[in-house]
Structure formats: C-alpha cells, structure tokens
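**Student:** My questions will all concern the structure given below.
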Number of protein chains: 2
Amino acid sequence: MSPKIPKTMKALVLEEFGKPVQLKEIPVPKPRYNEVLIKIEYAPLNPMDLSFLKGSYSSVKKLPVTPGFEGSGTVVASGGGLYGWSLIGKRVAVYVQRSPHGCYAEYAVTNAFQCITVPETVSFENAASGLVNPLTVVMMHKKTLKKKAKAIISNPGASAVGRMIYRYFTANGIKVINIVRRQEQVDLLKKEENAEYVLNSSDPNFQKDLNQLSKKLGATVSFDAVGGSLCAVILNNMPDGSSTYVYGNLSMKNSEASQNDLIFKHKKIKGFWLVDWMKKTSVLENYFLSKKLGSMYNNIMATSFARKYPLNQIEEACRFYLKNMTEGKILLSPSAIEISEINDKKINEQCAQQIQPRL
Amino acid sequence: MSPKIPKTMKALVLEEFGKPVQLKEIPVPKPRYNEVLIKIEYAPLNPMDLSFLKGSYSSVKKLPVTPGFEGSGTVVASGGGLYGWSLIGKRVAVYVQRSPHGCYAEYAVTNAFQCITVPETVSFENAASGLVNPLTVVMMHKKTLKKKAKAIISNPGASAVGRMIYRYFTANGIKVINIVRRQEQVDLLKKEENAEYVLNSSDPNFQKDLNQLSKKLGATVSFDAVGGSLCAVILNNMPDGSSTYVYGNLSMKNSEASQNDLIFKHKKIKGFWLVDWMKKTSVLENYFLSKKLGSMYNNIMATSFARKYPLNQIEEACRFYLKNMTEGKILLSPSAIEISEINDKKINEQCAQQIQPRL
C-alpha cells in the first residue's frame with residue numbers, strides 16, 4: 001500500500017439493523033485479490049441504503065458493517081490483479097455490492113470491476129450516483145428493446161431516475177411519455193429537459209390523453225416507481241399486451257392492475273430489479289457498458305443534488321431526504337464539517353445544451 | 001332435420017349491448033357443417049354472460065344475437081360431419097363460443113366438438129354448467145403441474161369454482177388452502193367438502209397461519225378471483241418466487257401486489273383466462289378431456305344451483321344473481337313458466353360420500 005494511507009479512518013458503523021449507525025475510528029480495510037481501496041469523496045443516500053439500514057433490503061450483509069452502496073473517490077491501493085492495479089490513482093464512481101467496507105467512510109473497498117473511471121471534466125459530486133441509477137436506466141433500455149416497444153411511459157417523470165430515463169431513451173431513439181402530478185413538474189421537464197410528452201395525472205383529461213398518446217406512439221412498456229391505483233390507470237390506458245415494470249414504491253401503496261387488463265387484455269405487471277438484470281449480462285458486457293457511463297455523468301446521466309452532510313449527521317440527512325425526495329439527492333462527505341447546499345443549476349443548463357433529443 | 005323440430009322458437013334476442021334483451025319468436029336456426037342443433041333444457045347465468053350483455057366481455061358477437069354461452073340439452077340435428085351425426089339423440093352439456101344462436105332459447109347451435117355427452121345419471125340441471133367452470137379448473141390444474149407446485153391457495157374457497165378447484169385438485173393429489181371470509185364458510189367447507197385447510201381472512205391470525213401453512217405445504221401458486229388488497233396479502237405470505245393467477249374480480253377492486261414481492265422476492269401476478277389455455281391445448285386433447293368431464297358433474301364438478309327462471313324473467317334473474325352470488329347458480333329454462341327454487345342438498349350429500357380426498 002502507498003505510504004499516504006493512514007492506519008485508521010472515520011467510518012459509520014452499523015451494529016444492529018434498525019438501530020442508529022455510529023461514527024467510529026476503525027482500521028483502514030485492506031483490499032483482497034481483485035479488490036481496490038478507494039478514498040471516498042462523496043456517497044449518496046439511496047432508497048436502497050435506507051432499506052438496508054432498516055434491515056429490510058433484499059441483500060443482508062454480516063454485521064458490523066459500514067453502509068453506503070455507492071460513491072465517488074480515488075483508487076489508492078489494489079489487493080492484486082491487473083485491472084485493479086491499472087486503476088490506482090484513477091478517479092472513479094464505485095458500487096460496493098458484497099464488501100463490508102461501504103462508502104459511508106473515508107475509505108471503501110470493492111471489486112475492481114465495480115469501479116467506473118470518470119474523466120477530469122466530471123466532478124466528484126456528479127460521479128457519486130454513478131452506478132445504481134445509470135445502470136438501472138441502461139438495463140431498462142435493454143428490456144425495452146427486447147420487448148420491441150417504440151415508446152415507453154415513465155412514472156414519475158420528474159425524479160432523478162425519471163429524468164435519466166427520459167434523456168437516455170430519447171438519445172437512443174425511443175420516445176418517452178413522462179407522467180408527473182403537478183404543473184410545476186410539467187413546466188420543469190419542458191423547460192429543463194426539452195421534453196415533448198409530459199402528462200399531468202391530476203389533469204381531468206389525463207386518461208384520455210394518455211390513451212391516445214400511448215396508442216399513437218406505440219408505448220407498450222411502462223416503468224413505474226409510484227405504485228397505487230395510478231399504476232393500474234396507466235396500464236389500463238396502454239395498448240393490449242402492454243407490460244408495466246415496477247421498480248419502486250414512492251406512494252408506499254401496493255402496485256395495482258385491473259383484472260380485465262390482466263385476464264382479457266394480456267397486460268402484465270412485473271418487478272424490475274437491477275441485480276436480476278446484471279446477472280443476465282456477461283461480465284465483459286457490464287465492463288464495456290460501465291466504460292460508456294463515465295462520460296455521461298455531466299449530461300445524460302446527470303443527477304440533481306440538494307445538500308452535503310458530514311458523516312456524523314447521517315440521521316439528520318435521512319430525515320431531510322425522506323421529506324424532500326424530489327429536491328435532489330443527499331451526499332455524505334467524509335471531509336465535510338457542516339451541512340451545505342449544492343447548486344446544480346449550472347449542471348442542468350450545461351446538460352440541456354448538450355442533449356438534442358432526436359424526436 | 002327431424003320432423004319433431006318446429007319452424008320457430010322462443011328466444012331471447014339482444015339487439016344492442018347494454019339494452020334489455022327481448023323474448024321473441026324467431027326461426028329455429030339451421031346448423032352448418034360440423035355444427036349441431038341442441039334442444040336446450042337449462043342455461044346458467046355466468047359472470048361472462050352478464051359482461052357480454054353489457055358489451056364489456058372480451059369477445060363481441062355481431063348483433064342481433066341470442067346470448068347464453070353454455071347450457072344443457074339434447075342434440076336433435078346435425079349440419080353434417082361424422083362426429084356431429086354421432087351426437088344426434090345424445091344428452092349433452094354445450095358451450096356456444098362463436099355461433100350467434102346461444103343457449104337462452106329453445107334451440108341453440110354450436111360446434112359439435114363443444115358438446116360433452118353426459119350419462120343418464122346426471123340431471124340436465126347438473127350438466128348445465130358443464131364447460132366454463134369445469135374446464136377452467138382442469139386448465140388451472142395443468143398450469144399448477146407446469147409450475148411444479150405441491151399445493152395451491154384458492155380464493156374464494158367457497159364459491160362454485162372454489163369448491164370445484166378443491167375437489168379436483170385434492171382428487172389429483174394436490175393440496176388446497178381454501179381462503180374464505182366468514183366462519184360459516186369455514187364450517188361449510190369442513191362439513192360438506194371434508195376440507196382440511198380452510199383459513200378465514202377475517203381471523204386475526206390469518207397472515208401468520210397462511211405464511212406457515214403455505215411454506216409447510218409448498219403452496220407456490222394461488223388462484224384469485226377476489227382482487228383488492230387481500231390478493232397482495234396472500235401473495236406476501238407465500239414462498240419467494242410464487243405466482244398468483246387472477247381469474248375474476250368479485251371485490252370489484254384492482255388486483256394488488258407489493259413492490260417488495262414483485263421486485264425482490266421474484267413473485268408474479270398474472271391473468272388466467274380459459275380461452276388462452278384452450279388455444280394452447282390441441283383439439284384432440286380437448287376432446288378427450290371433455291369426455292372425462294361428463295362423469296364428474298354429480299360429484300367433483302358438481303355446481304350448486306339456487307333458482308330456475310323462465311326466459312322472459314331474465315332481468316329479474318340477473319338482479320337476484322348479482323345480489324346472491326354465493327347462494328348458487330341461476331338457471332334459465334325455456335320450458336319454465338314460473339320462478340322455482342332448486343334444492344341441491346341431495347347432490348351435495350351424494351357428492352360428499354363419493355369424494356374421498358387423498359390427503
């Protein structure tokens with residue numbers, strides 16, 4: 001290991017699911033073969049992190065553990081293996097799938113193939129949400145191609161993932177009908193993303209408009225992270241044989257579908273999970289895919305951020321995040337001393353200029 | 001044609017979807033090649049008939065039409081073809097899929113292969129619901145074998161189809177967890193069907209009991225005609241990877257499933273429609289299948305009936321049926337002059353003696 005690496009570090013440690021995490025001084029972990037050590041700059045709070053902390057996420061790690069599934073930073077050491085060695089000194093976005101040394105710490109350990117190198121033009125902030133959401137969107141696009149849909153419906157259209165879906169699909173020639181629930185969100189998507197199809201579910205003509213538009217564009221696939229009865233309304237207004245893929249639960253209500261659609265219209269409602277799709281993709285394919293992503297963090301795969309929090313204020317960060325989910329992601333920063341706002345207006349302007357949707 | 005067949009007949013005629021049907025005197029239809037003419041004794045009101053009358057059923061026939069998808073009677077003429085000819089004089093249960101001459105009339109026309117001959121020991125009443133429900137149950141069993149489930153969950157367990165499901169699956173070595181919502185229904189299924197596993201969804205321990213039982217028995221498939229949140233509760237208490245097949249909509253609410261089950265537990269919720277399954281089955285297979293059914297109408301495939309109505313009282317019959325769906329099926333009879341009760345207690349007693357569930 002390089003001499004610059006200290007012996008101990010600050011890290012959040014979870015000792016019992018559902019209990020508060022503790023900020024501790026613990027030994028800097030040593031990467032094993034094919035693993036790398038990353039000096040962390042930023043790590044976002046994702047819904048999957050919140051579920052993990054409560055113990056309700058699908059994959060449970062052995063305790064004690066440092067949480068934080070993804071983040072950004074610089075590779076400072078390798079545990080062996082050519083690819084890991086080649087990453088030393090590189091700026092990366094990382095995903096910590098199995099290792100107990102997650103991103104809510106000064107240093108994290110993960111498999112070298114779960115690092116994406118990012119160009120100098122991409123800030124560590126913009127690289128921090130570099131894997132979970134962008135890969136989800138890429139896998140959704142693969143699913144859509146497999147289903148031969150000419151257009152998709154995306155609900156909610158104005159969330160971080162919703163906006164990535166819009167940009168990535170549009171840039172790849174697939175039209176997107178964005179569903180939002182407030183007029184401000186219609187205006188936002190039209191102005192900032194140059195979106196052509198935005199429907200407000202609170203509009204009295206919503207169902208009629210959706211029905212016509214989905215038939216006109218051939219939107220036979222929808223991606224839904226809202227759930228509840230709106231999920232059934234959307235599927236009901238799609239062509240016969242359409243499929244809804246559920247990837248989240250923002251309404252905290254069950255996903256719904258009408259029996260008429262399920263039985264007689266051959267419509268389907270299914271779960272969509274990144275991890276399942278990753279399993280179906282070869283390691284090499286994933287590798288080349290991830291290489292493509294690094295250059296997209298400033299535009300197609302850009303995320304809006306709201307605030308930075310120091311590690312010891314994670315409780316407060318979670319509370320703020322749960323109350324203000326649409327304002328942007330929350331970043332934890334091992335070097336931050338106090339809470340600060342993040343102004344990503346510049347990123348969005350830059351983004352809007354670079355994307356020329358092919359419609 | 002035989003000289004006994006009159007030139008005209010009484011028939012209910014639907015001239016516009018959603019409008020009342022009219023009792024008319026119309027010409028007795030002539031069967032075409034491979035079709036037969038049946039003198040109808042009884043025809044049940046099925047949910048699919050009610051949907052058809054409203055114009056909301058999936059298959060729409062050209063108007064004017066005589067409704068009534070199934071019934072019982074005697075074949076009195078053939079339009080040609082060896083099999084149709086062989087049926088002349090036979091007592092049959094029939095399904096009228098495409099022909100405009102349905103069973104709510106003195107005579108109906110259908111394809112000869114949609115007739116099931118029934119033995120003398122089976123009354124015309126018991127043969128009247130001979131195809132739709134029994135074939136649905138047989139196709140469900142095929143689906144269950146394909147999914148390699150050792151046990152299934154059936155909701156509602158106390159309906160006409162629910163009881164057929166219980167008897168047919170049990171007789172074929174697959175255990176059934178029956179879901180009901182009242183204590184009387186628990187008692188009924190235990191007493192009349194000798195059912196071992198009956199859970200009351202109103203019971204405070206329902207979820208815990210269902211969870212344990214479904215895991216113990218390996219119930220990885222459920223058939224649901226209720227919908228609503230109970231549908232999600234049942235799926236939630238089944239093993240990972242389980243599937244719910246939706247075949248009805250008694251609660252008039254959407255079918256629900258939790259995102260956690262759909263995304264992370266790989267559980268599925270799908271529509272199940274007899275017609276889709278029939279299409280996947282060869283004509284020959286269907287033929288041999290239907291030959292087996294004739295002997296089951298007094299026991300495994302027995303239906304409970306509540307009342308007989310003359311044709312001209314169909315409006316009143318529909319009203320009664322919608323209010324009293326669990327009391328038993330309603331039969332329309334071209335020869336009936338007034339409404340009468342049907343006492344099928346004897347059938348049930350006979351049935352309970354004949355079925356010895358292999359548990």
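**Student:** Please report, for residue A:17, the nm distances (one decimal) from its label point, 7 Å out from Cα along the beta-carbon direction, to the equivalent points in the remaining copies, shortest first.
**Tutor:** From this label point to the equivalent ones elsewhere in the assembly: 5.0 nm.
**Student:** How would B:23, A:213 rank on accessible area, largest to smallest, probe 1.4 Å?
**Tutor:** B:23, A:213
**Student:** Please identify, among A:159, A:258, A:222, the residue showing maximal mean-square fluctuation in a Gaussian network model of chain A using a 10 angstrom Cα cutoff.
**Tutor:** Sorting by GNM fluctuation, first place goes to A:258.
**Student:** Also, I was wondering about something else. When DSSP assigns beta bridges and you keep just the ones with both residues in the protein assembly as shown, what percent turn out antiparallel, to the nearest 5?
**Tutor:** Bridges in the protein assembly as shown that DSSP calls antiparallel: roughly 55 percent.
**Student:** Looking at the P(r) of the protein assembly as shown, how many percent of alpha-carbon pairs lie beyond 47 Å?
**Tutor:** Tail of the P(r) past 47 Å holds 34 percent of the pairs.
**Student:** Continuing with this model, one more query. Determine one quarter of the surface area of the Cα convex hull of the stretch A:241-293, which equals its mean projected area, and express it in nm² to one decimal.
**Tutor:** Computed as one quarter of the Cα hull surface, the answer is 5.3 nm².
**Student:** Another question, if that's okay. Just to make sure I understand: if all protein chains stay in place, what is the order of A:261, A:209 by accessible area at 1.4 Å, largest first?
**Tutor:** My answer, sorted largest first, is A:209, A:261.
**Student:** Any idea which of B:121, A:302, A:58 is furthest toward the positive side of the dipole for the protein assembly as shown, if Lys and Arg beta-carbons carry +1 and Asp and Glu beta-carbons -1?
**Tutor:** B:121
**Student:** Report the gain in length on full extension from residue A:291 to residue A:194: 0.36 nm times residue separation, minus Cα-Cα distance, nm rounded to one decimal.
**Tutor:** Contour length minus Cα-Cα distance gives 32.2 nm.
**Student:** Further question on the same structure: Hey, can you grab everything whose amide H is under 5 Å from the amide H of residue A:176? Only 5+ residues off in sequence or another chain; H modelled, so Pro and N-termini drop out.
**Tutor:** Long-range HN contacts for residue A:176: A:152.
**Student:** Calculate the mean, over all residues of peptide A:225-233, of how many other protein chain Cβ atoms lie within 10 angstrom of the residue's Cβ.
**Tutor:** Rounded to a whole number, the mean comes out at 2.
**Student:** What relative contact order, as a whole-number percentage, does the stretch A:142-201 give when Cα pairs under 8 Å and 6 or more residues apart are counted?
**Tutor:** Across the stretch A:142-201, relative contact order equals 32 percent.
**Student:** To the nearest 20 Debye, how big is the dipole of the stretch A:208-340 about its Cα centre, given +1 on the beta carbon of each Lys and Arg and -1 on that of each Asp and Glu?
**Tutor:** Charge dipole, the stretch A:208-340, about its Cα centre: 320 debye, nearest 20.
**Student:** GNM on chain A, C-alpha springs below 10 Å: top fluctuator among A:319, A:307, A:182?
**Tutor:** Comparing A:319, A:307, A:182 in a Gaussian network model of chain A, the most mobile one is A:319.
**Student:** Dipole size in debye (nearest 20) for chain A around its Cα centre, Lys and Arg Cβ +1, Asp and Glu Cβ -1?
**Tutor:** Charge dipole, chain A, about its Cα centre: 1060 debye, nearest 20.
**Student:** Still on this structure, please answer the following. Which value, in debye to the nearest 20, describes the size of the charge dipole of the protein assembly as shown about its Cα centre when Lys and Arg Cβ atoms bear +1, Asp and Glu Cβ atoms bear -1, and nothing else is charged?
**Tutor:** 1780
**Student:** Considering only chain A, what is the antiparallel percent among its DSSP beta bridges, to the nearest 5?
**Tutor:** So the antiparallel bridges in chain A amount to around 55 percent.
**Student:** Something else: Placing a label point 7 Å from Cα toward Cβ, how far apart in nm is residue A:284 from its equivalents in the other copies, listed shortest first to one decimal?
**Tutor:** Copy-to-copy label distances at residue A:284, shortest first: 4.6 nm.
**Student:** Considering the rotation that carries chain B onto chain A, locate the chain B residue whose Cβ comes closest to its axis and report the distance in whole Å.
**Tutor:** Minimum Cβ distance to the axis, with residue: B:256, 3.
**Student:** Would you compute the Debye intensity of chain B from its alpha-carbon atoms alone, equal scatterers and no solvent, and pass along log10 I(q)/I(0) at q = 0.07 Å⁻¹ to two decimals?
**Tutor:** At q = 0.07 Å⁻¹ the computed log10 ratios are -0.30.
**Student:** With a ≥ b ≥ c the root eigenvalues of the C-alpha gyration tensor of the stretch B:199-346, is it rounded (a/c under 1.5), prolate (a/b larger than b/c) or oblate?
**Tutor:** prolate
**Student:** Between the stretch B:17-64 and the stretch A:153-175, how many Å separate their Cα centres?
**Tutor:** If you average the Cα positions of each part, the centres end up 48 Å apart.
**Student:** Solvent-accessible area of residue A:203, probe 1.4 Å, all protein chains present, reported in Å² to the nearest ten, please.
**Tutor:** 70
**Student:** Across the residues of A:244-253, average count of Cβ atoms on other protein chains within 10 Å?
**Tutor:** That works out to 3 on average.
**Student:** Which whole-number percent gives the relative contact order of the stretch A:133-276, counting Cα pairs below 8 Å spaced six or more residues apart?
**Tutor:** Worked out over the stretch A:133-276, it gives 21 percent.
**Student:** If you don't mind, there's one more thing I want to ask. Going Cα to Cα from residue A:7, which lysines come in below 19 Å? Please leave out same-chain ones fewer than 8 positions away.
**Tutor:** Correct list for residue A:7: A:24, A:30, A:39.
**Student:** Hey, another quick one. Ignoring ligands and nucleic acids, what accessible area does residue B:74 show with a 1.4 Å probe (Å², nearest 10)?
**Tutor:** Roll a 1.4 Å probe over it and residue B:74 shows about 40 Å².
**Student:** A further question follows. Rank these by accessible area, largest first, 1.4 Å probe: B:90, A:308, A:265.
**Tutor:** B:90, A:265, A:308
**Student:** Rounded to two decimals, what is the ratio between the C-alpha radius of gyration of the stretch A:133-276 and 2.2 N^0.38 Å?
**Tutor:** Normalised by 2.2 N^0.38 Å, the Cα Rg of the stretch A:133-276 equals 0.94.
**Student:** If you don't mind, there's one more thing I want to ask. Over all residues in B:272-282, what is the mean tally of Cβ atoms on other chains that come within 10 Å of each residue's Cβ?
**Tutor:** If you average over the peptide's residues, the count of other-chain Cβ atoms is 1.
**Student:** Which order do peptides A:40-49, A:8-17 fall in by mean Cβ count within 10 Å, highest first?
**Tutor:** The densest-packed peptide leads the list: A:40-49, A:8-17.
**Student:** For residue B:207, go 7 angstrom from Cα along the Cα-to-Cβ vector, then report the distances to that same point in the other copies in nm, smallest first.
**Tutor:** Computed spacing set for this position: 3.1 nm.
The values are calculated or read from the model by the stated rules, or taken from the named source; none is laboratory data. All of these numbers come straight from a predicted model, not from anything done at the bench. Methodologically, a virtual Cβ is constructed for each residue, glycine included, from the backbone with ideal geometry; neighbour enumeration extends over all protein chains shown. Ligands, DNA and RNA are stripped out before the accessible areas are found, and what is left, the full protein with its side chains, is counted by its heavy atoms. Shrake-Rupley method; radii C 1.70, N 1.55, O 1.52, S 1.80 Å.
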